[in-house]
Amino acid sequence: MFSQDMYILRYPYGLALQVGGIDRLPFVKKCTLSAMYQSMSGVNNLLRDGFDNLGFSGGSVVFVNMQSNEIQIAGVISAYKAERTAVGFSTPSAQSQATVSLNTGIIVATDIKCAIDAIKLHQSTT
């Protein structure tokens, strides 16, 4: 459902939370489902507003099903949209310009059905 709260779970930069004696809990970040689209290869993708960090790719995207109040997996994080922008700076001897990549706040996730299909395909070939 669009504008529904979702949560991403992963270990950014290899970090983990330590709570109540458990030392490998993932970071949890909140985001909002903004759009969905189907790629040319037929893969469904979820676009969410929210910032993630390096290390979130491959993590789970979960949400609370409003009808059953159960937590469900919606997808797997595949990327965040970055935007290249020029940044200028001056030094005493020269003026220079560099290009940097900025996180736009748009997170891309692949529909969980793709992961399930990959598992089924693997099972059928082994």
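Miscellaneous remarks
- Distance between the 7 Å Cα→Cβ label points at residue 11 and residue 40: 3.7 nm.
- Helix 112-125 and the longest principal axis of the Cα set of the chain meet at an angle near 60°.
- Candidate aspartates and glutamates for bridging to residue 30, where Cα separation is under 20 Å - those fewer than 8 sequence places away on the same chain excluded: 5, 49, 52, 70, 111
- Cα-based reach from residue 29 at 28 Å (exclusive), listing lysines while leaving out same-chain residues under 8 positions away: 81, 113
- Gained length - residue 119 relative to residue 99, 0.36 nm times residue gap less alpha-carbon distance: 3.2 nm
- Residue 53-residue 4 pseudo-label distance in nm [points 7 Å out on the Cα-to-Cβ vector]: 2.8
Every number here is computed from the coordinates shown, using simple stated rules; none is lab data. These numbers were taken from a predicted model, which means no experiment stands behind them. With ideal geometry, Cβ positions are generated from the backbone for all residues, glycine too; neighbour counts draw on all protein chains shown.
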